[in-house]
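Take this structure first; my questions come after.
The values are calculated or read from the model by the stated rules, or taken from the named source; none is laboratory data. As the structure is a prediction and not an experimental result, all values here were calculated from the model. Methodologically, a virtual Cβ is constructed for each residue, glycine included, from the backbone with ideal geometry; neighbour enumeration extends over all protein chains shown.
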Amino acid sequence: MKQRASNGRIVGLDLARALAIFGMIIVNYKLAMGAQDAGPYWLRTATGIFEGRASALFVILAGIGVSLMTARARASGEEQTLKANRKTLYRRAAFLFLAGIFLLEIGWSADILHYYAVFIALSALLLQSSNKRLLAWIIFILITTVFQLIFLDYSYGWSEDYHEYVKLWTWSGFVRNLLFNGFHPLFPWLAFFLLGLWLGRKEWLKRKEARSRLLVISASIALLTEVGSRFIVREFTPVLGPEGAQSLFGSKPMPPNLIYVGAAAASALAVLVLCIQVAERWKESKWVQALISTGQLSLTHYVAHVVIGLAPLQWIGMLENGSVVFSTIYAFLFYITAIAISLHWKKRYGRGPLELLMRSWDESNRA
């Protein structure tokens, strides 16, 4: 039996959302402080595990959330209900897009919200699509990604260190960033969202036996893909060079080749299943409840980790040539603070500040 919160949410998904936010904070602070190559190798490797994995989990969870939210409308087939769901999705997409543009405007080039918004808007068009059609779209997206990486220049528009997309605020640059070579472009990141949309329609997450099989399969694929990727990169490095071999056969998110997509999707599903299992087994644990509350305020924490978390470092000039030790410690401190605030806020207000604002946005536009 699935574990639900009193408001109908599957709390295991909120737990997974909390872990996804944590991983994104680890990665983003390391990126913001330019700490990828500074600090102990073991810590750089450990924090590197989250790169492109935490955000993939975040996007898959978004797809699952949309699928569960619209399940009743799809089942009934009532045009009025479907229309109302589509309007809600469009309104939320608009809110998230504006939030993402705000973060881009203040200098956060790694924003995920404006991509996330487009995924949600597109999902409104796919509410009545069959499962087979969703899988066909995933395959199309992945094939298109391969052709893009072969025939287009992935580095075009980026600064030499890939820290700034210098042509972002041009029409052609923004579209290219959105579709092809941004931090989370539609090709292939929309595939993660559609995977979540498809998975949310299945019963697998609700049945313990099915979850166990999904965990074994996804964890095995993630492990084999990562090990295989490293082996192939090592073998082809003498022929293609380190960058060429990594670009074609590596499992890093930039550029996002098919090996990366497979590894990230599999690891995300494994973590998702584990979170549901943990939420069911230790649902009374104070730590589990604290993380669930944190996951329910994920939008607030995502924006806050940029606007509030990075501002003090900007003021004191610590966003250049940082150390992975400092960036990791800072990320942990921010996240622990976020957990404490989540517990207090949830008890008093129920929803996070930005979650409440988005709800008000929904209602005002509905009126």
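Against the definition (under 28 Å from residue 106 (Cβ atoms) and either buried (at least 20 other Cβ atoms within 10 Å of the Cβ) or touching a Phe, Trp or Tyr at 6+ places or on another chain (Cβ under 7 Å) (or both)), how does residue 171 come out, yes or no?
Spelling it out, it is not the case that residue 171 is under 28 Å from residue 106 (Cβ atoms) and either buried (at least 20 other Cβ atoms within 10 Å of the Cβ) or touching a Phe, Trp or Tyr at 6+ places or on another chain (Cβ under 7 Å) (or both).
Please determine, by comparing only the residues of the stretch 193-232 that are surrounded by 16 or more Cβ atoms within 10 Å (Cβ to Cβ) and of a type in the set (Lys, Arg), which one is nearest to residue 125 (Cα to Cα).
201
Another question, then. Say we look at the stretch 233-270 and pick out the residues that are among the small types (Gly, Ala, Ser) and outside any helix (DSSP H, G or I); which of these is surrounded by the most Cβ atoms within 10 Å (Cβ to Cβ)? It would help to see each step written out before you state the result.
Keep residues of the stretch 233-270 that are among the small types (Gly, Ala, Ser), which gives 241, 244-245, 247, 250-251, 262-268, 270.
If we keep only those that are outside any helix (DSSP H, G or I) as well, we get 250-251.
On the way: 250: 20, 251: 25.
Applying the filter and picking the extreme gives 251.
Does residue 49 count as surrounded by fewer than 16 Cβ atoms within 10 Å (Cβ to Cβ), within 21 Å of the chain's Cα centre (by Cα) and either under 30 Å from residue 323 (Cβ atoms) or of a type outside the set (Gly, Ala, Ser) (or both)?
Criteria met by residue 49.
Of the numbered conditions (1) at pLDDT 95 or above; (2) surrounded by fewer than 22 Cβ atoms within 10 Å (Cβ to Cβ), residue 300 satisfies every one except a single condition; which is it?
(2)
Among the numbered conditions (1) part of a helix (DSSP H, G or I); (2) at pLDDT below 95; (3) under 19 Å from residue 115 (Cα atoms), tell me where residue 178 comes up short.
For residue 178, the exception is condition (2).
Another question, if that's okay. Hey, among 145, 170, which residue is modelled with pLDDT of 95 or more and polar (S, T, N, Q)?
So the residue among 145, 170 that is modelled with pLDDT of 95 or more and polar (S, T, N, Q) is 145.
Could you please find all residues in the stretch 245-273 being out of contact with any Asp or Glu (no Cβ under 9 Å at 6 or more places or on another chain) and within 14 Å of residue 59 (Cβ to Cβ)?
Correct list: 256, 260, 261, 264, 265, 268, 269, 271, 272.
Related question: For the stretch 14-126, list the helices (runs of 4 or more DSSP H) that sit wholly inside it and hold at least 3 residues that are at pLDDT 95 or above; which are they?
54-69, 79-105, 113-125
Another one. Among the residues of the stretch 132-181, which ones are among the polar types (S, T, N, Q) and farther than 22 Å from residue 97 by Cβ?
Hits for the stretch 132-181 are 144, 145, 148, 155, 159.
From the set of residues in the stretch 274-304 that are part of a loop (DSSP other than H, G, I, E, B) and not small (Gly, Ala, Ser), which is nearest to residue 62 (Cα to Cα)?
Selected residue: 297.
With respect to residue 307, determine if the residue is more than 19 Å from residue 56 (Cα to Cα), among the aliphatic types (A, V, I, L, M) and either at pLDDT 90 or above or in contact with a helix residue (DSSP H, G or I) (Cβ under 8 Å, 6 or more places away or on another chain) (or both). Break it down into steps so the answer makes sense when it comes.
Numbers: more than 19 Å from residue 56 (Cα to Cα): yes; among the aliphatic types (A, V, I, L, M): yes; either at pLDDT 90 or above or in contact with a helix residue (DSSP H, G or I) (Cβ under 8 Å, 6 or more places away or on another chain) (or both): yes.
So residue 307 fits the description; yes.
Just to be sure I understand, how many residues within the stretch 320-346 are surrounded by 14 or more Cβ atoms within 10 Å (Cβ to Cβ), among the aliphatic types (A, V, I, L, M) and within 24 Å of residue 42 (Cβ to Cβ)?
Matching residues across the stretch 320-346 total 3.
List, please: which pairs have Cβ atoms under 9 Å, are six or more places apart or on different chains, and start with a residue in the stretch 146-158 that is of a type in the set (S, T, N, Q) and end with one that is modelled with pLDDT under 90?
Within 9 Å, the pairs are 155/162.
In this structure, does residue 190 turn out to be more than 25 Å from residue 269 (Cα to Cα), surrounded by 18 or more Cβ atoms within 10 Å (Cβ to Cβ) and either of a type in the set (Ser, Thr, Tyr) or out of contact with any strand residue (DSSP E or B) (no Cβ under 6 Å at 6 or more places or on another chain) (or both)?
No; evaluated as a whole, the condition is false for this residue.
Go through the stretch 315-333 and give me each residue that's in contact with a Pro (Cβ under 9 Å, 6 or more places away or on another chain) and at pLDDT 90 or above.
Residues satisfying the conditions are 324, 325.
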